[in-house]
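Asks: Structure provided below as structure tokens; questions to follow.
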Amino acid sequence: MCGIFGYVGKRNDAGSLVIDGLKNLEYRGYDSWGIACKTDSKVSIEKDIGKISSIKSEDFSSNCSLAIGHTRWATHGGVTPQNAHPHANGTETIAVVHNGILENYQQLRRDLESKGHEFKSETDTEIIPHMIEEYMKETGDFTSAIKKSCEAFEGRFAFLALHTESNTLVAARRGSPLIIGVGEDGYFIASDIPAFMNHSRLVQYLDDGEMVVTDGESILFSSLKTDEEIQKREIEITWSVEEAQKGEYEHFMLKEIMDQKDSIARAVNQNEEQIETLADAIRNAKGTFLVGCGTAAKACMASEYFFSVISQKHVNFAPASEFKLYHHFLRPESLLIVVSQSGETADVLEAMQIAKSKGSKVLAIVNVEGSTIDREADYSLLINAGPERAVASTKALTGHMAVLMLIAYALDGKLKEGRKVLLETASEINDMLNPRYVDFVESVAERIQDQKDLFIIGKSWNYPMALESAIKIQEVSYVHAEGFAGGELKHGPIALIEEGTPCIALMGDDEVKNDIISNAIELKARGGFIIGIAPENNESFDVWIKVPEAGTAQALVNIIPVQALAYFLAVKRGKDPDMPRNLAKSVTVK
Ligand code: M6R
């Protein structure tokens, strides 16, 4: 979703610093950009549509020590320079960048228009500087006017504001994330850490319903409602700058696929006592629910099978966006497990609120430490995948599945056995991801790159992996891809198969192997071009992508060549896999 970055401090190159920081937020997905720099007593705003990567940061190095910037992912109003942030009031004394959606903006805009305010954009954001200006007439003070404005806003927001008459950077949050970087020469405020991690490795988190005001030397956190001052801990970022960079790879997506050589082992390396405690929580819960979105949802769905097969425990999966009406099942003794890479996904946060309102406990399995979900859950486990920057989630999926599988083993009193299975699988994946293997997957992508449809089938835990395969292929290559449970083919989808249609069959050496082979044969009989991803070759396959035999962890192994196939399909079709159209890394709006 949109990226926010601001700086105030002793440095006088705030403009170029903010441009560079925004470039580090490009992975979040955006369609326009903009910056406001405060110099002397005026604000200069520059904004445009398109990519910020070609903008030279040196062009913004004029004497400025307070600046805010934004990468916009259009929600209200089309992709135009006028709709890009920052937005200002009529006299251009107040500038604002904003993430989230102000649900009552139409009413507020009408009220402001009746008081003579004129608007230049179609956005909800533009009302913020106008509201602040209006309340400043009452309060005479910038920060109090911001607080009053926030009281009037409905919906989720995170914004930064600056004023020509003040050297302070002000941020307010209700819903969308904001993180403060504590630097030697000033303070940074961003929607995500990569914006400032070249300058600061100490962070403070702004929580919902809070505001922060800084002049670059001191910083004051307070409640938006009560004015009460809030003390914050400084937390050190544990991952390195290198981990957050592409290194030798052309794209983050490929780097992150290859990171799975060791990220799965890191996910498995959990504190055993903590895993046992969480297994106990599931054992004692009256109803356990699992929710996530997109790829994280597929990890939840796969773990329904892990809990069934490994620990014979019934858990209930629902996409987080569909959880609303499940509240009838929730009681104080219920447990909600939420799964998220970013820890900021709006639908997941809403599911947590629903569970909390019923008194149920929430267990989070997340990648980003300090994220809202990590902080707001009753228990939280980190998968330690390291920063995932490509929009397409890869290593977070296998990390999430590894942790969920570990808990399933612990529930059956076999935590050590679970660790062993997963660590052996991690080591097999390390061997599998060698250059020859990756080249082979690339050659398969080359063979099917011009096809317009692609189908993927799987059974048991390979069924959610078939759905996940479809997401990966759709989002980066824009090829129409669909995943099915193999057994469902004959109930409809098989009608879509034509001569040469590529069909991927995901399988393991398990009790459902023969069923899925039969499904592959059915597809082949209708002309399907069968790509088998399996430990053993089969005569129904036109192409065999070999994977190690991994028993209960087969899903973790099988999805990796599909991630690579999706990546190469995107590249061969001339698409940028790191920045797919219409998508954002972290979906902080509903
Ligand atoms: O950060 P989260 O794991 O909560 O994100 C959930 C989805 O938005 C995410 O997995 C999305 O589906 C990815 N683009 C898939 O690759």
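The values are calculated or read from the model by the stated rules, or taken from the named source; none is laboratory data. Treat the numbers as computed from the prediction; the structure is a model and nothing was measured. Reconstructed Cβ throughout: ideal geometry from the backbone, glycine too, with neighbour counts over all protein chains shown. The protein model used for the area step is the full one, side chains on, heavy atoms only, and it has no ligands, DNA or RNA in it. Shrake-Rupley method; radii C 1.70, N 1.55, O 1.52, S 1.80 Å.
Asks: Please verify whether ALA377 is closer than 24 Å to GLU304 by Cβ and either within 16 Å of the ligand (Cβ to nearest atom) or within 27 Å of the chain's Cα centre (by Cα) (or both), treating the condition exactly as stated.
Replies: Yes.
Asks: Now for a separate question. So is LEU467 farther than 28 Å from VAL571 by Cβ and within 16 Å of the ligand (Cβ to nearest atom) or not?
Replies: No: the conditions fail for LEU467.
Asks: Still on this structure: Within the stretch 473-498, which residues are among the hydrophobic types (A, V, I, L, M, F, W, C) and in a loop (DSSP other than H, G, I, E, B)?
Replies: VAL479, ILE497
Asks: Let me ask you something else. Failed condition for SER360, given (1) at pLDDT 95 or above; (2) more than 13 Å from the ligand (Cβ to nearest atom); (3) surrounded by fewer than 24 Cβ atoms within 10 Å (Cβ to Cβ), with all others met?
Replies: (3)
Asks: Evaluate the following for HIS87: is it in contact (Cβ under 8 Å) with a residue 40 or more places away in the chain, crowded, with 22+ Cβ neighbours inside 10 Å and on the phi < 0 side of the Ramachandran plot?
Replies: yes
Asks: Taking the condition among the aliphatic types (A, V, I, L, M), more than 14 Å from the ligand (Cβ to nearest atom) and touching an Asp or Glu at 6+ places or on another chain (Cβ under 8 Å), does ALA550 pass?
Replies: Yes: the conditions hold for ALA550.
Asks: So, in the stretch 566-583, of the ones that are within 11 Å of the ligand (Cβ to nearest atom) and buried (at least 20 other Cβ atoms within 10 Å of the Cβ), which residue ends up modelled with the lowest pLDDT?
Replies: So, considering only residues that are within 11 Å of the ligand (Cβ to nearest atom) and buried (at least 20 other Cβ atoms within 10 Å of the Cβ), the one modelled with the lowest pLDDT is PRO580.
Asks: Let me ask something else. Would it be correct to say that ASP509 is outside the structural domain of ALA296 (by TED's automatic domain parsing), assigned to a loop (DSSP other than H, G, I, E, B), at negative phi and out of contact with any strand residue (DSSP E or B) (no Cβ under 7 Å at 6 or more places or on another chain)?
Replies: Criteria met by ASP509.
Yes or no, residue by residue, for (1) assigned to a helix (DSSP H, G or I); (2) within 30 Å of GLY359 (Cβ to Cβ); (3) away from the ligand (no atom under 16 Å from the Cβ):
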position: ALA390; (1), (2), (3): no, no, no
position: ALA396; (1), (2), (3): yes, yes, no
position: VAL421; (1), (2), (3): yes, no, yes
position: VAL441; (1), (2), (3): yes, no, yes
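Asks: Another question, then. So if I check each of LEU406, LEU411, LEU336, which one is open to solvent by less than 10 Å² (accessible area, probe 1.4 Å) and away from the ligand (no atom under 16 Å from the Cβ)?
Replies: Matching residue, one of LEU406, LEU411, LEU336: LEU406.
Asks: Which helices (runs of 4 or more DSSP H) sit wholly inside the stretch 241-326 and have at least 2 residues that are within 16 Å of the ligand (Cβ to nearest atom) and open to solvent by less than 60 Å² (accessible area, probe 1.4 Å)?
Replies: Filter on the stretch 241-326 gives 252-258, 260-268, 294-311.
Residues are listed down the side, and each one gets a yes or a no for (1) in contact (Cβ under 8 Å) with a residue 40 or more places away in the chain; (2) part of a loop (DSSP other than H, G, I, E, B); (3) open to solvent by 10 Å² or more (accessible area, probe 1.4 Å); (4) more than 23 Å from ASN24 (Cα to Cα):
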| position | (1), (2), (3), (4) |
| --- | --- |
| THR71 | yes, no, no, no |
| GLN107 | no, no, yes, yes |
| ARG110 | no, no, yes, yes |
| ASP124 | yes, yes, no, yes |
| HIS130 | yes, no, no, yes |
| TYR135 | no, no, yes, yes |
| LYS147 | yes, no, yes, yes |
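Asks: Inside the stretch 416-452, can you point out the residues that are open to solvent by less than 10 Å² (accessible area, probe 1.4 Å) and closer than 30 Å to ASN316 by Cβ?
Replies: GLY418, LEU422, THR425, ALA426, ILE429
Asks: Condition check: of a type in the set (Gly, Ala, Ser), touching a helix residue (DSSP H, G or I) at 6+ places or on another chain (Cβ under 9 Å) and within 11 Å of the ligand (Cβ to nearest atom). Does ALA355 satisfy that?
Replies: It is false that ALA355 is of a type in the set (Gly, Ala, Ser), touching a helix residue (DSSP H, G or I) at 6+ places or on another chain (Cβ under 9 Å) and within 11 Å of the ligand (Cβ to nearest atom).
Asks: Now for a separate question. Filtering the stretch 162-194 down to residues that are open to solvent by 20 Å² or more (accessible area, probe 1.4 Å) and part of a strand (DSSP E or B), which residue is modelled with the lowest pLDDT?
Replies: Of everything passing the filter in the stretch 162-194, ARG174 is modelled with the lowest pLDDT.
Asks: Test LEU404 against the criterion of being touching a residue at least 12 places away in the same chain (Cβ under 8 Å), under 21 Å from CYS293 (Cα atoms), of a type in the set (A, V, I, L, M, F, W, C) and assigned to a helix (DSSP H, G or I), and give yes or no.
Replies: Taking the combined requirement at face value, the residue satisfies it.
Asks: State whether one or more residues within the stretch 49-63 are touching a strand residue (DSSP E or B) at 6+ places or on another chain (Cβ under 8 Å), open to solvent by 40 Å² or more (accessible area, probe 1.4 Å) and assigned to a strand (DSSP E or B).
Replies: Checked the stretch 49-63: at least one residue is touching a strand residue (DSSP E or B) at 6+ places or on another chain (Cβ under 8 Å), open to solvent by 40 Å² or more (accessible area, probe 1.4 Å) and assigned to a strand (DSSP E or B).
Asks: Regarding THR226, is this residue assigned to a loop (DSSP other than H, G, I, E, B) and free of Cβ contacts under 8 Å to residues at least 12 places away in the same chain?
Replies: Yes: the conditions hold for THR226.
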